[in-house]
Amino acid sequence: MILHKSLVFIFLLGFASLAQARKPIAVKGALATELNNVLKATDELHTAFYEQDEPKIAAKIKGLMAFIDRAQSRSGMASSQQPHLEKMLEAAKANLELTRMTSGESRQEPLRETFRQLVQIAQVYKLDRYRIYFCHLDKSVWLQKSSGPKNPIHPKKYGECGRVVRY
């Protein structure tokens, strides 16, 4: 009986080691610079949406799209990693375009998806650190440099909803 419990414990311990989080993928050179520019522009877009500053939102969307284009043109990664990055950047760009073309309530879903894709880039690749927040009330996730949650999806309704899921 003791041997059986020991084997089960060792077996479960093996699964626990498999469940550990993967280390972020290192990127270098021009690609790292461009991806960090994408994250910085994402933080600036976050601020514009939280402040509900429409002229600033339009400018930040345009700037972020330009940084995504530059990152796409410089993606010199190993062939096994490049398709994943390309898909995330393309999905973020497509949702950002939808965000740009809409307003009000219809803007929230593409904005939520844009932030979801860009947060994924921040999590998967070893880049500059940003706090990643999650709001359980609207299921949104975003990144920001400043402390204290500032929900960009529903700033009036859930402005302070969010908890840090990564520093």
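The values are calculated or read from the model by the stated rules, or taken from the named source; none is laboratory data. Computed from a predicted model, the values in this text were never measured in an experiment. Note that we place each Cβ from the backbone using ideal geometry, even for glycine, and neighbour counts take in every protein chain shown.
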TODO: Determine which member of the set Leu143, Leu137 is touching a Phe, Trp or Tyr at 6+ places or on another chain (Cβ under 7 Å) and free of Cβ contacts under 8 Å to residues at least 60 places away in the same chain.
DONE: Leu137
Task: Looking only at region 44-56, and only at residues there that are surrounded by fewer than 22 Cβ atoms within 10 Å (Cβ to Cβ) and not hydroxyl-bearing (Ser, Thr, Tyr), the one that is nearest to Ile132 (Cα to Cα) - done: Glu44
- [ ] Spot the failing condition for Gln52; the list is (1) on the phi < 0 side of the Ramachandran plot; (2) at pLDDT 95 or above, and only one is missed.
- [x] (1)
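For every residue, the table says whether it meets (1) over 15 Å from Tyr167 (Cα atoms); (2) within 11 Å of the chain's Cα centre (by Cα); (3) without any contact (Cβ under 8 Å) to a residue 12 or more places away in the chain.
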{"residue": "Ala71", "(1), (2), (3)": "yes, no, no"}
{"residue": "Ser75", "(1), (2), (3)": "yes, no, no"}
{"residue": "Lys87", "(1), (2), (3)": "yes, no, yes"}
{"residue": "Arg116", "(1), (2), (3)": "yes, yes, no"}
Open item on the list: Restricting to region 55-73, and then to whatever is within 11 Å of Lys93 (Cα to Cα) and not acidic (Asp, Glu), can you tell me which residue is modelled with the lowest pLDDT?
Closed with: Gln72
TODO: Scan region 123-139 residue by residue and report those that are touching a Cys at 6+ places or on another chain (Cβ under 6 Å) and surrounded by 14 or more Cβ atoms within 10 Å (Cβ to Cβ).
DONE: Cys135
Task: Residue satisfying all of: in region 82-122; hydrophobic (A, V, I, L, M, F, W, C) and within 13 Å of Trp142 (Cα to Cα); surrounded by the fewest Cβ atoms within 10 Å (Cβ to Cβ) among these - done: Ile121
Task: Counted residues, region 140-167 - those being surrounded by 20 or more Cβ atoms within 10 Å (Cβ to Cβ) and of a type in the set (Gly, Ala, Ser) - done: 2
